[in-house]
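To keep things clear, I will list the structure first and then write my remarks on it.
The values are calculated or read from the model by the stated rules, or taken from the named source; none is laboratory data. Note that the structure is predicted; figures quoted are calculated from it, not measured. With ideal geometry, Cβ positions are generated from the backbone for all residues, glycine too; neighbour counts draw on all protein chains shown. All accessible areas refer to the heavy atoms of the entire protein, side chains included, with ligands and DNA or RNA removed. Shrake-Rupley method; radii C 1.70, N 1.55, O 1.52, S 1.80 Å.
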Amino acid sequence: MYTRGRIPNANAVYRSDERPRVSGDVPVVVLIDHGSASASEIVSGAIQDLDRGLVVGTNSFGKGLVQNQFRLSDGSKLLLTVAHYYTPSGRLIQRDYSKFADQKDYVEDAYKDDVPSDSVLATRPKFKTASGRDVYGGGGIYPDVLLKDPPNLTRPEIDMINKRVFFAFATHWISKEPGRKWTAQSLEKAFTLTESQWNELHGVMDREKVALTDSIWTAEHPFMLRQVRAELASATLGTQERYKILVEDDSQLQSALELFPRASKLLSQSLSDDTKKPSQR
């Protein structure tokens with residue numbers, strides 16, 4: 001990728017080295033959403049431009065500013081924008097902010113559309129990826145495949161997490177059974193709680209003043225059980241097993257996993273195109 005500013009020393013070109021972190025024949029699927037900004041947009045934009053992988057999700061935020069930090073005499077610091085970031089094809093990542101009166105409106109605009117409409121894209125500068133696919137600049141990175149974000153947490157679910165009721169419940173359980181051997185298999189989807197354990201969990205929520213009605217308590221059973229499994233896994237098996245459990249119901253991630261055959265096809269096409277190009281020395 002590269003940067004361009006008003007003065008020559010703000011211009012720079014950045015290239016990856018010749019030591020790949022991932023083998024060149026491994027397909028890649030990149031997930032982005034409205035909150036993906038700055039460095040994540042640079043990486044996903046470069047992968048998309050070079051046809052190295054498939055970018056999926058929703059439109060990214062559009063933050064591609066290069067800023068220099070200056071320390072002022074009173075001890076404060078000034079961040080001065082000196083350049084913009086561009087992807088390999090020449091796309092400007094930065095979304096236009098000149099039409100917004102305040103920062104709040106500017107931020108809310110980034111979350112407005114999952115992908116730009118055709119009429120909006122018609123106003124954007126068009127570029128080509130390495131294999132000739134159309135991509136657009138001036139407003140973040142647009143996904144190759146739209147995958148909408150999973151539904152937001154409910155208010156009771158947010159309350160449960162913020163008050164760490166599952167952590168308290170799992171920690172107490174583990175302390176009561178110090179000799180128990182926990183495994184990934186013991187915490188699979190078939191895992192459940194006894195009636196007395198459900199009552200104990202309800203008691204933790206009452207103690208932490210989580211607002212619950214009988215109908216909410218019943219409706220949230222699947223969510224609560226998954227959170228308990230995740231906390232038990234985190235405490236006994238590590239964070240990797242925790243996240244394996246937490247993403248089980250992530251519809252966006254599960255859909256992304258199904259796109260690897262398409263990513264493989266894109267990669268094969270890209271590698272084939274590379275072999276047809278004349279060598280450059």
*Hey, does the range 49-63 have a residue that's polar (S, T, N, Q), open to solvent by 10 Å² or more (accessible area, probe 1.4 Å) and free of Cβ contacts under 8 Å to residues at least 60 places away in the same chain?*
no
*Of the criteria (1) within 14 Å of S60 (Cβ to Cβ); (2) in contact with a helix residue (DSSP H, G or I) (Cβ under 7 Å, 6 or more places away or on another chain); (3) open to solvent by less than 30 Å² (accessible area, probe 1.4 Å), which one G139 fails*: (2)
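Could you please find all residues in the range 176-218 being part of a helix (DSSP H, G or I) and more than 22 Å from E157 (Cβ to Cβ)?
So in the range 176-218, the residues part of a helix (DSSP H, G or I) come out as 176, 185-187, 195-207, 214-218.
Passing the criteria: K176, Q185, S186, E195, S196.
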_Looking at V120 and the list (1) at pLDDT below 90; (2) within 23 Å of the chain's Cα centre (by Cα), which single condition is not satisfied?_
(2)
*For the range 1-48, how many residues meet the condition of being open to solvent by less than 40 Å² (accessible area, probe 1.4 Å) and not in a loop (DSSP other than H, G, I, E, B)?*
14
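Select from the range 143-193 the residues that are acidic (D, E) and open to solvent by less than 90 Å² (accessible area, probe 1.4 Å) and write down the one among them that is farthest from A263 (Cα to Cα). Show your work before the answer.
Kept after step one, since they are acidic (D, E), are these residues of the range 143-193: 144, 149, 157, 159, 177, 188.
Subsequent filtering for residues that are open to solvent by less than 90 Å² (accessible area, probe 1.4 Å) retains 144, 149, 157, 159, 177.
On the way: D144: 10, D149: 20, E157: 35, D159: 39, E177: 46 Å.
Filtering first and then ranking leaves E177.
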*Please enumerate the residues belonging to the range 68-79 that are open to solvent by 80 Å² or more (accessible area, probe 1.4 Å) and in contact (Cβ under 8 Å) with a residue 12 or more places away in the chain.*
L79
